[in-house]
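Data block below; observations after.
The values are calculated or read from the model by the stated rules, or taken from the named source; none is laboratory data. As the structure is a computational prediction, the values presented were derived from the model and not from experiment. Because the Cβ atoms are built from the backbone with ideal geometry, glycine has one as well, and the counts that use them run over all protein chains shown.
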Amino acid sequence: MKVNPDEMGNYFEGDIMLSKNVIRNVIRNEYYRWPGDIMALCVYQFYQTSQCIRFTPRTNHNDYILVLKNNTGCWSSVGRQGGAQIVNLQENGCVYKGIVMHELTHAVGF
């Protein structure tokens, strides 16, 4: 049975995992912004070619993006959440460059 990841979950706009403190996907609180515009990311190296966003390998960072492939669709929280921040990319339907970049853009804060 094929599952359409766009139709899964109760996410805002279908792919945004909202916390109680995030309203209308605008990041007003400094806590939810990535410090120094640097994000630690546990994912593919080729995303480091971005000109406006720097992804760094995780070393001792407390806050970082953790990419999972659970069967819960394509989704992310908006902005820095603290700790291991999940970006979920279901294998069947989410692992395309445009979708991956879309979800990572949510994690950045857009």
Could you give me the residue pairs with C-beta distances under 6 Å whose first residue belongs to the stretch 63-86 and is closer than 11 Å to Tyr32 by Cα, whose second residue is among the basic types (Lys, Arg) wherever it lies, and which are 6+ apart or on separate chains? Asp63/Arg80
Can you say whether Val3 is surrounded by 14 or more Cβ atoms within 10 Å (Cβ to Cβ), modelled with pLDDT under 70 and not charged (D, E, K, R), as far as the supplied structure shows? no
Qualifying positions in the stretch 71-82 - outside any strand (DSSP E or B) and either modelled with pLDDT of 95 or more or within 14 Å of Ile16 (Cβ to Cβ) (or both): Thr72, Gly73, Val78, Gly79, Gln81
Go over the candidates Gly36, Gly98 one by one and state the one that is at pLDDT below 70, of a type in the set (Gly, Ala, Ser) and not in a loop (DSSP other than H, G, I, E, B). Gly36
Evaluate the following for Asn92: is it modelled with pLDDT of 75 or more and in a helix (DSSP H, G or I)? yes
Of all residues in the stretch 58-68, which are within 12 Å of the chain's Cα centre (by Cα) and more than 15 Å from Thr105 (Cβ to Cβ)? Tyr64, Leu66, Leu68
